[in-house]
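A.B. asks: Starting off with a structure, shown below.
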Amino acid sequence: MTKKFLTKPLSTFFNFTRTRTLTSIPQRLLPHLKPQSPSPPFTPYHTHHLYHNYDYSSPGSLRFCRKSLCSKPEQNFQPTCWNCHAVPQSTPFLFCQSCRCIQPVDRSNDYFDIFGLERKYDVGGIDLEGKYKEWQKKLHPDLVHSKSQEERDYAAEQSARVIDAYRTLSKPLSRAIYMLKLDGVEVDEEQTISDPELLAEIMEIREAVEEATNSEALNHIRSEMQEKMQSWSNAFADAFQRRDFEEAKNAIRRMIYYTRVIEEVVKKL
């Protein structure tokens, strides 16, 4: 290597130009090559994964397009039986009709879903007890005593949840509290009475219960409390339908105290 060669500037060995030739693309197509948009600035790998690709969709043209490596097609989740992998034939999926195995508890199903009911306060005319018994014929733990520990656990959880659902929805007060809970509204059942009118009424009723000396007097008080319960139950239904949660909570507070009076009467009978 001669001295003259060693003293040549590095720029003579490289041809830096503003336009780079893509040798893998035929020269006749280069005039049609137009970027769709400027390349994005560098971003960390874990944030955006983009690459460029060529689009040959239109004849005689070639353009850049970007595709995301992290984009995935949307998939609808389809539950299947944990034992036989069968697709459920009905909802809610508490019990597999194919292999007759009890399924794990699905918390996305609320108590109304369990009994196939519309989420509304009025459940009059619905055979809730019949629906409850039908579930227990399939889910009761005694039915799977010889099965695997896994299925016995599922049975205990499902059966307990169906029992709680039945007890909650079968009573006006607990049903009202549960419906507010589904809407994110909590009710403090131990809240101290602040309404002087309600406080005076409750004290008067309790005195009447204590002074009652026979079942006739007690039954009369119970009948009065049941009428008040029905009246405030209707008030709750109206307030809930209007989405007036404060009025709904006020109705529940009165229902709580009337329920307690009824329980006191029953103990004395």
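A.B. asks: Being open to solvent by 50 Å² or more (accessible area, probe 1.4 Å) and either in contact with a Ser or Thr (Cβ under 7 Å, 6 or more places away or on another chain) or free of Cβ contacts under 8 Å to residues at least 12 places away in the same chain (or both) is the filter here, so list the residues in the range 173-194 that pass it. Walk me through how you get there before you give the answer.
C.D. replies: Kept after step one, since they are open to solvent by 50 Å² or more (accessible area, probe 1.4 Å), are these residues of the range 173-194: 181-184, 186, 188-192, 194.
Within the range 173-194, Lys181, Gly184, Glu186, Asp188, Glu190, Thr192, Ser194 meet the criteria.
A.B. asks: Is it the case that Val187 is modelled with pLDDT under 95, in contact with a Leu (Cβ under 7 Å, 6 or more places away or on another chain) and under 30 Å from Phe236 (Cα atoms)? Reasoning before the result, please.
C.D. replies: On the way: modelled with pLDDT under 95: yes; in contact with a Leu (Cβ under 7 Å, 6 or more places away or on another chain): yes; under 30 Å from Phe236 (Cα atoms): yes.
Judged against the criteria, Val187 is a match.
A.B. asks: Okay, next question. Taking the conditions exactly as written (more than 15 Å from Phe95 (Cα to Cα), part of a loop (DSSP other than H, G, I, E, B) and over 25 Å from the mean Cα position of the chain (by Cα)), does Ser146 satisfy them or not?
C.D. replies: It is true that Ser146 is more than 15 Å from Phe95 (Cα to Cα), part of a loop (DSSP other than H, G, I, E, B) and over 25 Å from the mean Cα position of the chain (by Cα).
A quick yes/no check of all residues on (1) open to solvent by 40 Å² or more (accessible area, probe 1.4 Å); (2) over 39 Å from the mean Cα position of the chain (by Cα):
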| site | (1), (2) |
| --- | --- |
| Thr213 | yes, yes |
| Ala217 | no, yes |
| Ala237 | no, no |
| Arg243 | yes, no |
| Ile252 | no, no |
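A.B. asks: Scan the range 214-231 and report the pairs whose first residue is farther than 14 Å from Tyr257 by Cα and without any contact (Cβ under 8 Å) to a residue 24 or more places away in the chain and whose second residue is outside any helix (DSSP H, G or I) and of a type outside the set (Ser, Thr, Tyr), with Cβ atoms within less than 6 Å and a gap of 6+ or a chain change.
C.D. replies: Filtered contacts from the range 214-231: no entries.
A.B. asks: Ile205 versus (1) at pLDDT 95 or above; (2) surrounded by 16 or more Cβ atoms within 10 Å (Cβ to Cβ): which is the lone unmet condition?
C.D. replies: That leaves (1) as the condition not met.
The values are calculated or read from the model by the stated rules, or taken from the named source; none is laboratory data. Keep in mind that this is a model prediction, so the values were computed, not measured. Because the Cβ atoms are built from the backbone with ideal geometry, glycine has one as well, and the counts that use them run over all protein chains shown. Just so you know, the surface numbers come from the protein's heavy atoms only, side chains and all, with ligands and any DNA or RNA stripped out. Shrake-Rupley method; radii C 1.70, N 1.55, O 1.52, S 1.80 Å.
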